[in-house]
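The values are calculated or read from the model by the stated rules, or taken from the named source; none is laboratory data. Not measured: the values here are computed from a predicted model. We place every Cβ from the backbone using ideal geometry, glycine too, and count neighbours over all the protein chains shown.
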Amino acid sequence: MTGEQGREAAFLAEVAALTRRYRERLSGFTAQAQTLARELEKGRDPAVHRELRRLLHSLAGTAPTYGFPGTGRAARAAMALLDGEGGAPRFPDPGVLDGALKALRSAVENEEQAA
Amino acid sequence: MRAMAGEGLTRILAVDDDPDILAVIRLSLEMDGGFTVAVCLRAAEVQALASAFGPDLLLLDVMLPDLDGAELLAALRRDPATAATPAVFLTARTLDEDGSLTRLPGVLGLIPKPFDPLRLSGELRRLWALRPGAGGGEGA
């Protein structure tokens, strides 16, 4: 193996390790989203809304970069439920949000199994 | 794999509010690109870090919680240390629909999220080679 090939192998191994660590945390992110959704259902707290949206926004942007496009799409779909006109917060029907988060959990499980 | 850091491009400051994105950016740019990289999670800390680090290029997320990328760039342009530092935006938008981001002074282009960590360094080198006065063209 040349020095160049060795550097490339080391880089790919680091990317794989980073991806594995991210994948191990994905189900924790979905559990956190479901906890926040339950809190939102109780009190329509704008801070909880912001936190849930931030979490889903992060998953939507980051999961595909780590090779989990289905998780990214499901997170983006759930996030869209939280966005009202002109960027105002929207508090969706709890059943609808719960359905979107279940779809997110399924996407995570499918991509975890496929990895 | 790599063509080590492009001409005049060695130091990159990356700004994103997501630590998982910054981790993969740092890995890609350091190990694959051979760049020296500083990363920052909060817009409020960028100016001080940029002054101390002296980046050749700013890699800025468009959607930051405390300031959007265009506002952040405007603030950096008021600082003599970064007034003329070329910038590239990272954006979840696939297109800069009205061209408002790419028309900002010193913006070389956009990299859409999600991006491929194995291609990020090459894409930055490509944009860097296209900057005004670079002789414009691939492989410059």
Inset, instruction - Please go through the stretch A:99-115 and pick out each residue that is surrounded by fewer than 16 Cβ atoms within 10 Å (Cβ to Cβ) and either among the charged types (D, E, K, R) or farther than 21 Å from residue A:61 by Cβ (or both). - result: A:99, A:102, A:109, A:112, A:113
Legend entry - Pair list, Cβ under 8 Å, 6 or more apart: the stretch A:2-26 residue at the interface with another protein chain (Cβ under 7 Å from one of its Cβ atoms), other residue hydroxyl-bearing (Ser, Thr, Tyr) and not in a helix (DSSP H, G or I): A:18/A:66; A:22/A:66
Inset, instruction - Report yes if some residue within the stretch B:3-20 is away from chain A (no Cβ under 14 Å), out of contact with any Phe, Trp or Tyr (no Cβ under 7 Å at 6 or more places or on another chain), among the small types (Gly, Ala, Ser) and surrounded by fewer than 18 Cβ atoms within 10 Å (Cβ to Cβ); otherwise report no. - result: yes
Inset, instruction - Return yes or no: is residue B:25 modelled with pLDDT of 95 or more, more than 14 Å from chain A (Cβ to nearest Cβ), surrounded by 17 or more Cβ atoms within 10 Å (Cβ to Cβ) and outside any loop (DSSP other than H, G, I, E, B)? - result: no
Legend entry - Test for residue A:50: is it at pLDDT below 95, assigned to a helix (DSSP H, G or I), surrounded by fewer than 17 Cβ atoms within 10 Å (Cβ to Cβ) and touching a strand residue (DSSP E or B) at 6+ places or on another chain (Cβ under 9 Å): yes
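Listed here are the residues, each with its yes/no results for (1) out of contact with any helix residue (DSSP H, G or I) (no Cβ under 7 Å at 6 or more places or on another chain); (2) modelled with pLDDT of 95 or more.
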residue: B:68; (1), (2): yes, no
residue: B:77; (1), (2): yes, no
residue: B:96; (1), (2): yes, no
residue: B:101; (1), (2): no, no
residue: B:111; (1), (2): no, no
residue: B:117; (1), (2): no, no
residue: B:125; (1), (2): yes, yes
residue: B:130; (1), (2): yes, no
residue: B:140; (1), (2): no, no
Legend entry - Of all residues making up the stretch A:69-97, the number that are facing another protein chain (nearest Cβ under 9 Å) and either in contact with a strand residue (DSSP E or B) (Cβ under 6 Å, 6 or more places away or on another chain) or surrounded by 21 or more Cβ atoms within 10 Å (Cβ to Cβ) (or both): 1
Inset, instruction - Sort through A:20, A:44 and tell me the only one that's under 18 Å from residue B:22 (Cα atoms) and either at pLDDT below 90 or surrounded by fewer than 17 Cβ atoms within 10 Å (Cβ to Cβ) (or both). - result: A:20
